[in-house]
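Below: the structure, in structure tokens.
No lab work stands behind these numbers, since they all come straight from the coordinates. As the structure is a prediction and not an experimental result, all values here were calculated from the model. Positions of Cβ are backbone-derived with ideal geometry, glycine not excepted, and every protein chain shown enters the neighbour counts.
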Amino acid sequence: MAPTREVQDFLDLINGLAMPPLAEQGPEAARAGYAQLATTEGPQVAAVRDHTVTGGQHGDFAVRSYRPAGSDAADTFGCLVWIHGGGFVIGDLETADSTCRVLANEADVVVVSVDYHLAPEHPYPAAIDDVITALDWVVAHADDLGVDATRLAVGGDSAGGNLAAVACQLARAAHSPTIAFQLLVYPAVDLAEDHPSRRENGEGYFLTQETMIWFGRQYLAGRDPATPRVSPLLASDLSKLPPAMVITAEFDPLRDEGFAYADALEAAGVPVERVHFDGEIHGFFDFDFLPDCAVARSRAATAIRAALDSRS
């Protein structure tokens, strides 16, 4: 197939700008450029609160909580901990804001968005350490957040999908916290191997092979990409992990590792719902100017709602 008309229009615009590669721009310029592209206004929710998580191994960091529209302070919800994408280098609470608002409203859950420390200033394992700390913080502050800590999901897109998958593996190993569902949106689950889609879709489709290599170097800072804490696809045992939804896109360099992780989860006995979008590119889940964005978010919200039940 070919990219959808809306995707092709977007690609023509981006490719026509002739912007220097992110590796030449550097982290700060790359963050500013991505913020301009991905920061959009989402729907109204009942409440938005910013919190500071203290005591992390790499310093304090922020999280932001969203209560769904139509709720009041007496309602108790399941909780989705959302981990933004951006190659472990770019992205923040603002670029994830629209997605979090939509998921809170449509899934009828409290969403907690994690502003984890970014590379290269804070390379691996800072991001995953922050995510684990954030999960523990949500459980410890469940009453204040208005959530039922026994109804907990974790999700993320791209690098955030990596961190969500790793967090589920680590939580299983530690027997805490109990995670009921994982939402993996075009996850980067294998930083060690060269999957065919990385070559097929590595140029001209927004996320490039060159950019992925640069992201990996910033995040790893020379560390081994073949450890499961970096590449969760390489874990030897994927059994007893939470049920998953894995969302993939046809023209995404990460497509095949998403397929492979879904295969591996199913082979280990984990229930998996696969949602694949022909004609789409990496990043579409956050680009609400693309029609498939709303479709994908709705599918994700339906799965989260089903996994965590409705408000009590």
From the list Ala221, Ala180, Ala264, which residue is touching a residue at least 24 places away in the same chain (Cβ under 8 Å), closer than 24 Å to Asp108 by Cβ, small (Gly, Ala, Ser) and surrounded by fewer than 22 Cβ atoms within 10 Å (Cβ to Cβ)?
-> Ala180
What number of residues within region 44-65 satisfy the criterion of being surrounded by 12 or more Cβ atoms within 10 Å (Cβ to Cβ), within 23 Å of Ser98 (Cβ to Cβ) and over 19 Å from the mean Cα position of the chain (by Cα)?
-> 7
By residue number, the members of region 228-264 that are among the basic types (Lys, Arg) and either touching a Pro at 6+ places or on another chain (Cβ under 8 Å) or part of a loop (DSSP other than H, G, I, E, B) (or both) are Arg229, Lys240
Within region 250-297, the residues that are in contact with a Gly (Cβ under 7 Å, 6 or more places away or on another chain) and either of a type in the set (D, E, K, R) or more than 16 Å from Tyr205 (Cα to Cα) (or both) are Glu250
Considering every residue within region 130-145, establish whether at least one is in a helix (DSSP H, G or I), in contact with a Gly (Cβ under 7 Å, 6 or more places away or on another chain) and more than 26 Å from Ala296 (Cα to Cα).
-> yes
Residue that is nearest to the chain's Cα centre (by Cα) [pool: residues in region 66-97 that are part of a strand (DSSP E or B), buried (at least 24 other Cβ atoms within 10 Å of the Cβ) and of a type outside the set (Phe, Trp, Tyr)] | Ile83
Scan of region 98-117 for residues that are buried (at least 24 other Cβ atoms within 10 Å of the Cβ) and either of a type in the set (A, V, I, L, M) or without any contact (Cβ under 8 Å) to a residue 12 or more places away in the chain (or both), ordered by number | Leu103, Ala104, Ala107, Val109, Val110, Val111, Val112, Val114
